Amino acid sequence: MSDLIALLPGDGIGPEVILQARRVLELYRDQRRIDIELWELDLGAERYLRDKTTFPKEIADRIAGEARAVLLGALGDPRVPTLDYARDILFGLRFGLDLYANIRPVKALDDRLVPLKGRTAKDVDFVVFRENTEGIYVNVGGQFKRGTADEIAINEDVNTRKGVERLIVAGFEYARAHGKKTVHLADKSNAMQHAHELWNRCFFEVAKRYPEIAARHVYIDALCLYLVQDPSPFEVVVTNNLFGDIVTDLGGGLQGGLGMAASASLHASDPKRVGLFEPVHGSAPPLAGKDVANPFAAILTVGLLLTHLGHPQEQTRIEDIVARGIREGACTRDVGGNLGTRAAGDWFLTALQRELGY
Ligand code: NAD
Ligand code: IPM
Ligand code: MN
């Protein structure tokens, strides 16, 4: 039976980059490399503005019950400044499907993409494991005395032993499976006493089960410094939801911009469960509709999706072709080329077709 892949192009540049990613999936499907069925979802700002739909239960249930993967572009539209609909969809997927490990590879595919003085692509190759179902993102809290001079707004940071431990285990398991020598915990235990003491304690307890891997601690603020000085010592970084979000935009910068950064959200202990695949970038409203957005982040995200479907060699193939595109200038302006979104997608597809022998 074919694997059901839900496509959620979303807002802004989302539909433009997901169209190119979709063509890649269709090529694999049409050449019978993979057996998939595509199901495109009409959700996002347009739909919300039309009929106030955010994330219907029937769709959530069908994804949970039948899909193998969701490929999402981005959500966020200035016409809906509260972004409530975007949180409904994004957190509906991440929390609703219990996709606790947001895996964000930070890998520079060409020396030209690395903005650091004296550093090359080989210095930028690590993976961030971002906790994806807890932390400050649960939106526990509230606004009190709203509109008065004594107003207070509280967002609680919720960290459970189970939630923290499973994410840390996912990071160590990945390190073991990929022959990595070090895992770093990035936290703020010097300031955030309760939550981060739990992270620290749990991290070093879990580390004992992986004696071949060095477990190191780094404060998140210092990590930001080290990453722009010399990212080469970092291989796997485990961290909480908010810090992981922030540090992976910084990571995007090390890779050549957000147009190059891919991500997967998984229930990591059970690879058979549905996964969510999204580029790290957002909807970039100023770029929308101009055919300038870089489709490579979305295409690299298809690579992660293909690994999830059991084809890791296709992830490597996709990365290699993207690297060649960068090297040869067959890419969009943000990464040094002069192609539009569609033309970069055309170039990629032609190269992939040739590689696959058609
Ligand atoms: P953004 O990621 O959209 O843009 C940040 C910067 O990166 C901008 O300079 C943009 O031009 C550039 N950029 C992003 N993607 C690019 C691409 N593919 N090619 C070339 N350049 C690219 O972040 P933002 O501007 O802070 O947010 C815009 C909206 O997107 C907001 O509503 C935000 O909440 C939302 N957002 C959504 C997601 C998601 O759905 N997963 C992720 C991040 C941001
Ligand atoms: C991301 C985004 C989201 C996040 C926003 C849009 C809620 O920045 O996917 O990186 O913070 O997780
Ligand atoms: Mn982000």
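The values are calculated or read from the model by the stated rules, or taken from the named source; none is laboratory data. Keep in mind that this is a model prediction, so the values were computed, not measured. Here the Cβ is made from the backbone with ideal geometry for all residues, glycine too, and neighbour counts use every protein chain on show.
Of the residues in the range 29-46, how many are crowded, with 16+ Cβ neighbours inside 10 Å and either in contact (Cβ under 8 Å) with a residue 60 or more places away in the chain or more than 24 Å from the chain's Cα centre (by Cα) (or both)?
Looking only at that region, the number is 2.
Filter the range 128-162 down to the residues that are hydrophobic (A, V, I, L, M, F, W, C), in contact with a Gly (Cβ under 8 Å, 6 or more places away or on another chain) and closer than 30 Å to L300 by Cα and list them by number.
Passing the criteria: V128, F129.
Kindly indicate whether T307 is within 16 Å of ligand 3 (Cβ to nearest atom), assigned to a helix (DSSP H, G or I) and under 18 Å from P105 (Cα atoms).
Criteria not met by T307.
Tally the residues that are part of a loop (DSSP other than H, G, I, E, B) and touching a Gly at 6+ places or on another chain (Cβ under 6 Å), restricting the search to the range 264-304.
The number of residues fulfilling the criteria is 8.
Would you mind telling me which numbered condition in (1) at pLDDT below 95; (2) closer than 27 Å to L266 by Cα Q193 fails?
Every listed condition holds for Q193 apart from (2).
Residue check, L223 against (1) surrounded by fewer than 24 Cβ atoms within 10 Å (Cβ to Cβ); (2) within 14 Å of ligand 3 (Cβ to nearest atom); (3) among the aliphatic types (A, V, I, L, M), all met but one. Which one?
(2)
Consider N139 against the criteria (1) within 15 Å of ligand 1 (Cβ to nearest atom); (2) within 30 Å of A323 (Cβ to Cβ); (3) in the same structural domain as P231 (by TED's automatic domain parsing): it satisfies all of them except one. Which criterion is unmet?
With respect to (1) within 15 Å of ligand 1 (Cβ to nearest atom); (2) within 30 Å of A323 (Cβ to Cβ); (3) in the same structural domain as P231 (by TED's automatic domain parsing), N139 is out only on (2).
Those residues that are out of contact with any Cys (no Cβ under 8 Å at 6 or more places or on another chain), touching a residue at least 24 places away in the same chain (Cβ under 8 Å) and of a type in the set (D, E, K, R), I need them from the range 110-165; list them, please.
Answer for the range 110-165, where residues must be out of contact with any Cys (no Cβ under 8 Å at 6 or more places or on another chain), touching a residue at least 24 places away in the same chain (Cβ under 8 Å) and of a type in the set (D, E, K, R): D110, R112, R119, K122, D123, D125, R130, E131, E134, D157.
If we scan the range 333-340, do we find a residue that is in contact with a Cys (Cβ under 6 Å, 6 or more places away or on another chain), within 16 Å of ligand 1 (Cβ to nearest atom), over 20 Å from K122 (Cβ atoms) and in a loop (DSSP other than H, G, I, E, B)?
Yes, because at least one residue in the range 333-340 is in contact with a Cys (Cβ under 6 Å, 6 or more places away or on another chain), within 16 Å of ligand 1 (Cβ to nearest atom), over 20 Å from K122 (Cβ atoms) and in a loop (DSSP other than H, G, I, E, B).
When you look at L250, is it touching a strand residue (DSSP E or B) at 6+ places or on another chain (Cβ under 6 Å), surrounded by fewer than 21 Cβ atoms within 10 Å (Cβ to Cβ) and assigned to a helix (DSSP H, G or I), yes or no?
no
Within the range 272-279, is there a residue that is in contact (Cβ under 8 Å) with a residue 60 or more places away in the chain and over 24 Å from L90 (Cβ atoms)?
no
Here are G259, G275: which of them is surrounded by 24 or more Cβ atoms within 10 Å (Cβ to Cβ) and in contact with a His (Cβ under 6 Å, 6 or more places away or on another chain)?
Of G259, G275, the one residue that is surrounded by 24 or more Cβ atoms within 10 Å (Cβ to Cβ) and in contact with a His (Cβ under 6 Å, 6 or more places away or on another chain) is G275.
Restricted to the range 57-92, and to residues that are within 12 Å of ligand 1 (Cβ to nearest atom) and basic (K, R), which residue is nearest to L300 (Cα to Cα)?
Looking at the filtered set, the residue picked out is R87.
Any idea which residue in the range 310-327 is farthest from ligand 2 (Cβ to nearest atom), counting only those that are over 18 Å from Q255 (Cβ atoms) and assigned to a helix (DSSP H, G or I)?
Once the filter is applied, the top-ranked residue is Q313.
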